[in-house]
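One structure is given below, encoded as structure tokens.
The values are calculated or read from the model by the stated rules, or taken from the named source; none is laboratory data. Bear in mind that the values here come from a model prediction, so they are computed numbers and not experimental data. Neighbour counts run over all protein chains shown; Cβ positions are idealised from the backbone, glycine included.
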Amino acid sequence: MGKHDGFMEFDRKNPGLETVEKRIKGFSEFWLPLSQEELKQQAARCMDCGTPFCHSNCPLFNVPPDFNSNVHADQWAEAYRSLVSTNNFPEFTGRVCPAPCESGCVLGLIKEPVAIKNIEVSIVEHAHHTGVIKPRIPKQRSGKKVAIVGSGPAGLAAADQINKAGHNVKVFEREDRIGGLLRYGIPDFKLGKNIIDRRIDIMREEGIEFRTKSNVGVNVAADDLKNNFDAIVLAGGSTIPRNLDVIGGKLDGVHFAMDFLSQSNRRVAGHVIRESRKLHAKDKHVLVIGGGDTGSDCVGTSIRHGAKSVIQIELLPQPPLERPKDLPWPSYPGARVLSVSTSHNEGCERYWSILTKEFVGENGKVKKAKYVKLNWKNVPKFDFEEIKGSEGEFDADLVLLAMGFVNPDPITLNAFGVDKDGRGNAKTNEAYYTNVDGVFAAGDMRRGQSLVVWAISEGRECAREVDKYLRGGLTRLNARDRTFSQLV
């Protein structure tokens, strides 16, 4: 390590943020980078811990001790090479990943953990600005062709890896622009779309083809892909939202969160939204149902729209501030520890253990949401009871359902004849191979709703199996016959 006692000398320092008053006036990213000297000090906090659990906690198996050491030594190009050896898109994960690596940081046992996420995004930004990142076109081509269905993080990672292996790749995206969830699901204030565009430009120069407005199973025939490509990767994501079946659920003003976020992102990108389809929070009482990241994104977006008030409610009880005793270090605690996002700090009321009972409307438009408070007996078994006399109601001109996703759109899976698991996801073996010859699946379409970092990991692992298959190391027969007992 660059400085063995750095963790004793330096405290954790996070990047600065624009003031709330300034940042909510627009949708630009608002984090203020640390100086290179400050970053070197932060990297120096990385301990010579022997067993770096930050490595094993990361779905991509990033190696923070290596790139931290590089940063401390002012070896920024080497730091970038270390980073991208395991992660195709650190500019994405450095912005939107919840950093499970940091929950496994050994220093976190006694002090605040190393600021791995911020160091990661700082490395990739430095590499972009100094010209370290350049197109690297494969020197040889195999002549094999691969179709990737879906251009979210899993599809892009698979495309990038398969292209690096020398195969010809074409990505099919049903939307008008590339990026999937990254493009139309995550607000610009968390991930500026210029960040996606500059990476896509590099991938194009490296030989990857992108085809938008191509909905496989609708306006692109699955048989055409099977007849014209040597392998196909289905990476369309988990896109069917979980609904809330209560009285008044069909009132005007009750919408799925992703419809709201997607339209907002399109508006920021300059799309013209028809007045009849307009979803906007200006001067409205907004109720966000669901306490996860999507719900938080709805909060920040609504505030920027100029909402009159924003309330976020969650069915589950409020998590503790510190990890529970039954989830010891270095386990990633996820939602079992209270998360407070920058959006929450911009002006939002939050409530837990709340069950929505009914939406009440006037002239067909939602106006209020009736609820009851819950007493939880057993969270893992979803055992709770309603508290008598705790009924109440929230003003709600706009209700956003942010309760997660249940499964991928079945249209593409059905078009290929892919078997599904019990949750409606693509069923594969451990080689990411479906029941259909030459067809693989990865990302949320295979494992269900998860993190961007997991999607990238899935795309990379699937790409490795596709490469084996195309080079003859994995025949169609033995790929398909490999055990299905290790489903994710």
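Looking at GLY290, is it on the phi > 0 side of the Ramachandran plot, surrounded by 21 or more Cβ atoms within 10 Å (Cβ to Cβ) and not assigned by TED's automatic domain parsing to the domain that holds SER450? Taking the combined requirement at face value, the residue satisfies it.
Annotation for region 392-399: at least one member residue is under 30 Å from LEU17 (Cα atoms) and not assigned by TED's automatic domain parsing to the domain that holds THR19. Figure legend. Inter-residue proximity from region 146-169: first residues closer than 17 Å to ALA455 by Cα, second residues of a type in the set (Ser, Thr, Tyr) and part of a helix (DSSP H, G or I), beta-carbon distance below 8 Å, spacing 6+ or different chains. Indicated pairs: VAL149/THR412; ALA157/SER457. Summed over region 448-474, residues that are surrounded by fewer than 23 Cβ atoms within 10 Å (Cβ to Cβ) and over 26 Å from VAL406 (Cβ atoms) total 8. Only one of the listed residues (GLY347, GLY364) is touching a strand residue (DSSP E or B) at 6+ places or on another chain (Cβ under 8 Å) and either closer than 26 Å to ARG95 by Cβ or in the same structural domain as GLY16 (by TED's automatic domain parsing) (or both). That residue is GLY347.
Table: residues versus (1) under 19 Å from the mean Cα position of the chain (by Cα); (2) modelled with pLDDT of 95 or more; (3) over 17 Å from ALA154 (Cβ atoms).
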residue: SER390; (1), (2), (3): no, yes, yes
residue: ASN407; (1), (2), (3): yes, yes, no
residue: THR428; (1), (2), (3): no, yes, no
residue: ALA441; (1), (2), (3): yes, yes, no
residue: GLU465; (1), (2), (3): no, yes, no
residue: ARG471; (1), (2), (3): no, no, yes
residue: ASN478; (1), (2), (3): no, no, yes
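Screening region 56-101 for helices (runs of 4 or more DSSP H) wholly inside it with 2 or more residues that are aromatic (Phe, Trp, Tyr) returns the ranges 76-84.
Going through (1) at pLDDT 95 or above; (2) among the hydrophobic types (A, V, I, L, M, F, W, C); (3) surrounded by fewer than 18 Cβ atoms within 10 Å (Cβ to Cβ); (4) not assigned by TED's automatic domain parsing to the domain that holds VAL310 one by one, MET445 falls short only on (3). Checking the stated criteria, VAL233 turns out to be out of contact with any Lys or Arg (no Cβ under 6 Å at 6 or more places or on another chain), of a type in the set (Val, Ile, Thr), crowded, with 24+ Cβ neighbours inside 10 Å and at pLDDT 95 or above.
From the residues in region 21-46 that are surrounded by fewer than 20 Cβ atoms within 10 Å (Cβ to Cβ) and of a type in the set (A, V, I, L, M), which one is farthest from the chain's Cα centre (by Cα)? Checked region 21-46; the qualifying residue farthest from the chain's Cα centre (by Cα) is LEU34.
Among residues of region 193-214 that are closer than 20 Å to ALA235 by Cα, those with a Cβ under 7 angstrom from a residue that is in a helix (DSSP H, G or I) and among the polar types (S, T, N, Q), sequence gap 6+ or separate chain, pair up as GLY207/ASN163; ILE208/ASN163. Among the residues of region 276-297, those identified as closer than 24 Å to GLU21 by Cα, assigned to a loop (DSSP other than H, G, I, E, B) and not small (Gly, Ala, Ser) are LEU279, HIS280, LYS282, ASP283, LYS284. Is it the case that some residue within region 85-96 is farther than 30 Å from GLU458 by Cβ and out of contact with any strand residue (DSSP E or B) (no Cβ under 9 Å at 6 or more places or on another chain)? No, every residue in region 85-96 fails to be farther than 30 Å from GLU458 by Cβ and out of contact with any strand residue (DSSP E or B) (no Cβ under 9 Å at 6 or more places or on another chain). Looking at this structure, is GLY295 surrounded by fewer than 24 Cβ atoms within 10 Å (Cβ to Cβ), modelled with pLDDT of 95 or more and in contact with a strand residue (DSSP E or B) (Cβ under 7 Å, 6 or more places away or on another chain)? No. When region 243-259 is filtered for residues that are loosely packed, with under 15 Cβ neighbours inside 10 Å, under 25 Å from ASP444 (Cα atoms) and either of a type in the set (A, V, I, L, M, F, W, C) or touching a residue at least 60 places away in the same chain (Cβ under 8 Å) (or both), only ASN243 remains.
For region 43-65, a residue qualifies if it is of a type in the set (S, T, N, Q) and in contact with a Gly (Cβ under 9 Å, 6 or more places away or on another chain), and the qualifying residues are SER56, ASN57. Kindly indicate whether any position in region 75-87 is of a type in the set (Phe, Trp, Tyr) and touching a residue at least 40 places away in the same chain (Cβ under 8 Å). Taking every residue of region 75-87 in turn, at least one turns out to be of a type in the set (Phe, Trp, Tyr) and touching a residue at least 40 places away in the same chain (Cβ under 8 Å). Being of a type in the set (Gly, Ala, Ser) and closer than 17 Å to PHE229 by Cα, is that true of even one residue in region 175-192? No: region 175-192 contains no residue that is of a type in the set (Gly, Ala, Ser) and closer than 17 Å to PHE229 by Cα. Only one entry in ASP437, ASP421 is in contact with a helix residue (DSSP H, G or I) (Cβ under 7 Å, 6 or more places away or on another chain), among the acidic types (Asp, Glu) and surrounded by fewer than 17 Cβ atoms within 10 Å (Cβ to Cβ), namely ASP437. How many of the residues making up region 126-160 are surrounded by 17 or more Cβ atoms within 10 Å (Cβ to Cβ) and part of a helix (DSSP H, G or I)? Within region 126-160, residues that are surrounded by 17 or more Cβ atoms within 10 Å (Cβ to Cβ) and part of a helix (DSSP H, G or I) number 10. Checking SER276, SER302 one by one, the residue that is more than 20 Å from PRO380 (Cβ to Cβ), at pLDDT 95 or above and among the hydroxyl-bearing types (Ser, Thr, Tyr) is SER302 and no other. Taking (1) assigned to a loop (DSSP other than H, G, I, E, B); (2) touching a Leu at 6+ places or on another chain (Cβ under 8 Å); (3) farther than 25 Å from THR294 by Cβ in turn, ILE119 satisfies each apart from (1).
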